[in-house]
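Here, each number is a calculation from the coordinates, and none is a lab measurement. Owing to the predicted nature of the structure, the values given are computational and were not obtained by experimental measurement. Counting neighbours? That spans all protein chains shown, and the Cβs are built from the backbone with ideal geometry, glycine included.
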Amino acid sequence: MNYPQNETALLLVDPLNDFMSRLGKGRPLVRKVSMQVNLLHNLEKLSDTFRGKGWPVFYAPHHRYRRGSFGDQKYLHPTQMLQKLTHFFKADAFGGNFFPRLKPQPEDIVASEHACSSGFMGTDLHEKLQSKGISHIVIAGFLSNTCIESTARSAIDLGYHVTLLEDAVAAWTLKDHWAAVKLNYPHIAHELTNTEGLIKSIGASNV
């Protein structure tokens, strides 16, 4: 796969403390899958590779819980109900902060928060990608079967070339993760590979 040098970006979805820190509220649930696929190592390697090549890294953060969140929404999704009950990804608090080892760098671009699943829905992500002339996006982060899958589907509808990585995403359970990666991703992504395969494809296998 040939990735255009000035048109390819890494998109990190929800690399927040509540998913990634050992003190995070969701860490006990995602830990098993994260450890099995070596998620943190792969996300760091992807980030370092893209930045090392001077290719852009974008962030699509989840909605941070604030007092009154979802107050005017008639029908809450189960994840929104969970967030309302537990204050998952609480704004201006530990859980809602970016995980330190994956926090945005000065040259990175952070989109506005998505309310439920897709990083594009109700956000400025598309506009930010377009402003940089991005046509190809590599999507990684959380959760394999919800935000990653939904963001990928939106990206396809918007005309992007989408690459998904089976070892750079994680879900609540192995069943959820592998159902997404093995059953759904092949029907969504233009390219389905792993971290090492992607790095070789973009000519940075030594990073």
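I need the peptides 125-138, 184-197 ranked by packing, meaning the mean over residues of other C-beta atoms within 10 angstrom, with the highest value on top.
Numbers: 125-138: 17.9, 184-197: 16.3.
Packing proxy ranking, top to bottom: 125-138, 184-197.
Each label point is 7 Å from the Cα along the Cα-to-Cβ direction; what then is the distance between the points at Asn6 and Arg31, in nm?
Going by the 7 Å Cα→Cβ label model, 4.7 nm.
Given the range 102-203, report the % of alpha carbon pairs whose separation exceeds 20 Å. Working shown, then result.
Working: 1968 of 5151 pairs.
The proportion of pairs with Cα distances above 20 Å equals 38 percent.
How large is the convex hull of the C-alpha atoms of the range 1-72 per residue, in Å³?
Convex hull of Cα atoms, per residue: 146 Å³.
If you take the alpha carbon radius of gyration of the range 1-125 and divide it by 2.2 N^0.38 Å, what ratio comes out, to two decimals? Could you put the intermediate results ahead of the total?
Values: Rg = 15.5 Å, N = 125, 2.2 N^0.38 = 13.8 Å.
Relative to the rule-of-thumb radius for its length, the range 1-125 sits at 1.12.
Compute the acute angle (0 to 90°) between the alpha-carbon long axis of helix 39-53 and the principal axis of greatest extent of the alpha-carbon atoms of the chain; round to the nearest 10°.
50 degrees
To the nearest 10 degrees, how steeply does helix 27-37 sit against the main Cα axis of the chain, on a 0 to 90 scale?
The answer is roughly 20 degrees.
Add +1 for every Lys or Arg and -1 for every Asp or Glu among the other residues with Cβ under 12 Å from the Cβ of Val13, and state the total. Show your work: numbers first, answer last.
Values: positive: none; negative: Asp14, Glu113, Glu149.
Here the charged neighbours net out to -3.
Work out, in µm²/s and without decimals, the Stokes-Einstein translational diffusion coefficient of the range 55-103 at 10 °C, 1.306 mPa s, Rh from Kirkwood over C-alpha pairs.
Rounded to a whole number, D works out at 131 µm²/s.
Kindly provide the helix-only [θ] at 222 nm of the chain, computed as the sum of -39,500 (n - 2.57) over DSSP H runs of four or more divided by all residues, to the nearest 500 deg cm²/dmol?
Rounded to the nearest 500, the figure is -9500 deg cm²/dmol.
Looking only at Cα atoms, what is the convex hull volume of the range 70-141 per residue, in Å³?
On the way: hull volume 9.3 nm³, N = 72.
With only Cα atoms used, the range 70-141 gives 130 Å³ per residue.
Which value, in debye to the nearest 20, gives the size of the charge dipole of the chain about its Cα centre, when Lys and Arg are +1 and Asp and Glu are -1 at the Cβ? Could you put the intermediate results ahead of the total?
Details: 22 positive and 19 negative charges, 146 e Å.
The calculated dipole for the chain is roughly 700 debye.
Quick one: work out the % antiparallel among DSSP beta bridges in the chain, nearest 5.
Details: 1 of 24 bridges.
Antiparallel bridges: around 5 percent, rounded to the nearest 5.
Calculate how steeply helix 147-157 sits against the longest principal axis of the alpha-carbon atoms of the chain, using the helix alpha-carbon long axis, and give the answer as 0 to 90 degrees to the nearest 10.
60 degrees
With the cut-off at 23 Å, tell me which of the pairs Lys25/Lys132; Lys84/Lys132; Lys25/Lys84 have Cα atoms farther apart than that.
Too far apart for the 23 Å limit: Lys25/Lys132; Lys84/Lys132.
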